[in-house]
Amino acid sequence: MSAVTSVAAAPNSAALAHFAARLTFETDVSDVAADLESGAPGVVVVDSRSGESWNQGHIAGALHLPTAEIAARARTLIPEDVTVVTYCWGPGCNGATRAALEFAKLGYRVKEMIGGFEYWSREGFPVETSDGVVRNPVDALTAPVSGIACAC
């Protein structure tokens, strides 16, 4: 017996609805990097981590807004007609999900960046620190080391 097929795959109509819905809630680090690099309008990237974490390194071009401060400060910092992309540490952390929920409560369109800061850094995208902007070497387990996008 197959471990994969012991529970049948969803019917096509359910699969279409499920995967389309996931893309309305999530984005990935490569798509965020492409938008930041191109200056795509209507997207604001929010780092929901603590000040100490932000100072350790963050996405160049992101706005620092810890989750606990979103309700009080978001409307003064972020226009209501943009799509907010939240991130936190990485896949083992639900901070970006919590931040996305706070933005949704305020009526913002919001997506969570899957992979978080961990995968941003591991894929070699620009990281801003107190010493300036740096790029870590690409981790071959997360992206092509050639620097060419995976085009997935």
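The values are calculated or read from the model by the stated rules, or taken from the named source; none is laboratory data. Predicted model, so just to flag it, every value in this text is computed and none were measured. Here the Cβ is made from the backbone with ideal geometry for all residues, glycine too, and neighbour counts use every protein chain on show. SASA here: full protein model, heavy atoms, side chains in, ligands and nucleic acids out. Shrake-Rupley method; radii C 1.70, N 1.55, O 1.52, S 1.80 Å.
Once every Cα of region 25-66 carries one equal point scatterer and solvent is ignored, give the base-10 log of I(q)/I(0) from the Debye formula at q = 0.34 Å⁻¹, two decimals. Evaluating at q = 0.34 Å⁻¹ gives log10 I(q)/I(0) of -1.20.
Classify region 1-53 as rounded, prolate or oblate from the Cα gyration tensor: take a ≥ b ≥ c as the square roots of its eigenvalues, call it rounded if a/c is under 1.5, otherwise prolate when a/b beats b/c and oblate if not. Prolate, because a/c is 1.5 or more and a/b exceeds b/c. Near G90, the amide H atoms lying under 5 Å from its own belong to F117, E118; only residues 5 or more places off or on other chains count, and H is placed 1.01 Å from N. For T83, the residues whose modelled amide H falls within less than 5 Å of its own, excluding neighbours fewer than 5 places apart on the same chain, are V43, V44. At a 1.4 Å probe, what is the % contribution of carbon and sulfur to the accessible area of the chain? C and S atoms contribute 58 percent here. Using the Karplus relation 6.51 cos²θ - 1.76 cosθ + 1.60 with θ = phi - 60°, the per-residue 3J(HN,Hα) values for region 124-136 come to x, 7, x, 10, 9, 10, 5, 8, x, 9, 10, 10, 7 Hz, with x marking Gly and Pro.
How big is the charge dipole of region 73-152 about its Cα centre, in debye rounded to the nearest 20, if each Lys and Arg gets +1 on its Cβ and each Asp and Glu gets -1 on its Cβ? Don't skip to the answer; put the middle values down first.
Values: 8 positive and 9 negative charges, 54 e Å.
It works out to roughly 260 debye.
Given (1) 153; (2) 120; (3) 109 as candidate values of volume of the Cα convex hull per residue in Å³, which corresponds to the one derived from the coordinates? Only one listed value fits the structure, namely (1).
Sequentially through region 75-83, phi angles give Karplus couplings (6.51, -1.76, 1.60; θ = phi - 60°) of 5, 8, 10, 10, x, 6, 9, 9, 9 Hz, Gly and Pro residues having no value and appearing as x.
Karplus-derived 3J(HN,Hα) values for region 25-30, using 6.51 cos²θ - 1.76 cosθ + 1.60 with θ = phi - 60°, are 9, 10, 9, 10, 5, 5 Hz; glycine and proline are entered as x.
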